[in-house]
1. Sort the range 63-117 into rounded, prolate or oblate with this rule: let a ≥ b ≥ c be the square roots of the eigenvalues of the Cα gyration tensor; rounded if a/c is under 1.5, and if a/c is not under 1.5, prolate when a/b is larger than b/c, oblate otherwise.
2. Pick out, in residue order, every one of the GluC sites (Glu not before Pro) in the range 191-272 that is DSSP loop and has at most 14 other C-beta atoms within 10 Å; say none if there are none.
3. For a quick check: with amide H placed at 1.01 Å from N, whose amide H comes under 5 Å from MET372's, ignoring anything fewer than 5 positions away on the same chain?
4. Enumerate the calculated ³J(HN,Hα) couplings along the range 72-86 in order (Karplus 6.51 cos²θ - 1.76 cosθ + 1.60, θ = phi - 60°), each rounded to whole Hz, writing x wherever the residue is Gly or Pro.
5. Please calculate the 1.4 Å probe accessible area of THR237, with all protein chains present, and give it to the nearest 10 Å².
6. Once amide H atoms are built 1.01 Å from N in the peptide plane, which residues 5 or more positions from SER208, or in another chain, come under 5 Å H to H?
7. Loop-only trypsin sites (Lys or Arg not before Pro) in the range 106-146, please: DSSP not H, G, I, E or B, and at most 16 other Cβ atoms within 10 Å.
8. Can you pull the percent of the chain's accessible area that's carbon plus sulfur, 1.4 Å probe, other chains left in place?
Amino acid sequence: MKTRSVKTISKQESYNISKDILINFKNSDFNFKVPKQLIPNQPIIDKNKTRLMVLNRRNMTIQHKSINDFNSYFVTGDTIVLNNTKMYQSILYGKKEKNGSDIQVYLLREINQNEKSWEVLVQPARKIRIGNRLFFLDENNEKLIAVVHDNTISKGRIIKFHCDLPNKIFKKKIKNLGKIQSGLYTCFKKPFIDCSNMQTIYAKKEGSTSPHFPGLHISKYILKKLEFYGIHISYVTLHIGPDTYEKIIVEDIQKHKMKEEYFKITHQACNFINSSIKSQKKVCAIGTSTLRALESSVSPYKTLIPNNKWTNKFIYPYYKFQIANSLLTNFHTPKSTLMPLLAAFAGYDFLKYAYDIAIKKKYQFYKFGDAMLII
């Protein structure tokens, strides 16, 4: 990433920045290189080994801590907001009935439960057309048939499964057939067979096609410490789709369009969060998905309101955040949709400096890497 408006960087890793100048950021402004040895390909099993970089926006300093120090940055009356989405195994491997060629179907969302119709992405997309019949073999070598019914404006397909099973049993069948894939976020392409270590400990509402990676840092130990000190724990739901972790392909980031993702915010969550806002306490979003859900449901009075809808909110500089004033996240990929969001939250130059320090001090990057707290 290019450096902008930097004045001085002291040896104590405090950072002074000139007042933001309104700049039309380009996708290339969020490009950088991460050494391969800093990209782990499996989750950190021992959470105590997760490092935490803390960015303080008020005094422009950086601290190097452990994830178990997370709670020390919050006090009674603050609210921690968690995304309780649960990942389902969304990739089906099958064949075209006409010629037996291999196909991959990525389930995005259910369109009609009674018709068993789904919005999907397909590979190879150019060879899968309306009217094509697809089939998938279960553990008993029995076929599950689907027919391509329509195209979508986002280059996906609408498919309808031909299955007379009750919906509950059908969903179980789909779950048994499905796989998850780490290639959603990095270059690793091996399917994961066991996704038990890819769910957060508070995952409850099934619907995400990808893991909620920042939430994997939150252990039972951390939650108990937060509750002990009177820090509110609040839950919202945003089902994470594949577009969250994709790279932006247009140079003008304002032209990037996010795919819609379903989110739900309850009255109870609003009560906790609005209480903290009113008392000028911290509201910390765990993960950018949580942050986008919150910012998609703001009242004219800059408070959080209950909601149950879809959002395609894409955040980039110089967005003014209304709800969350702190954020726990990971170290993300170059040119991904998450980098402009983090630049809007932390400030472009401060974020660029923090990433340079992270590489220098060998923090682990991407989905299975270390954590960053921005306060």
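1. Values: a/c = 7.76, a/b = 2.55, b/c = 3.05.
Here the range 63-117 falls in the oblate category.
2. On the way: sites: GLU206, GLU227, GLU246, GLU251, GLU260, GLU261; in loops: GLU246, GLU251, GLU260.
Within the range 191-272, the qualifying GluC sites (Glu not before Pro) (loop, at most 14 other Cβ atoms within 10 Å) are GLU251.
3. MET53, THR329, ASN330
4. So the J values, rounded to whole Hz, are 5, 8, 10, 10, 3, x, 6, 10, 9, 10, 10, 8, 8, 4, 10.
5. Ignoring ligands and nucleic acids, THR237 comes out at about 10 Å².
6. LYS86, MET87, TYR88, ILE240
7. Working: sites: ARG109, LYS116, ARG126, LYS127, ARG129, ARG133, LYS143; in loops: LYS116, ARG129.
Counting only loop positions with at most 16 other Cβ atoms within 10 Å, the trypsin sites (Lys or Arg not before Pro) in the range 106-146 are ARG129.
8. Values: 9120 of 18390 Å².
Summing carbon and sulfur atoms, their accessible area is 50 percent of the total for the chain.
The values are calculated or read from the model by the stated rules, or taken from the named source; none is laboratory data. For clarity, every value in this text was computed on a predicted model and none was experimentally measured. Ideal geometry is used to build each Cβ from the backbone, glycine not excepted, and the neighbour counts take in all protein chains shown. In case anyone asks, the SASA skips ligands and DNA or RNA and just uses the protein heavy atoms, side chains included. Shrake-Rupley method; radii C 1.70, N 1.55, O 1.52, S 1.80 Å.
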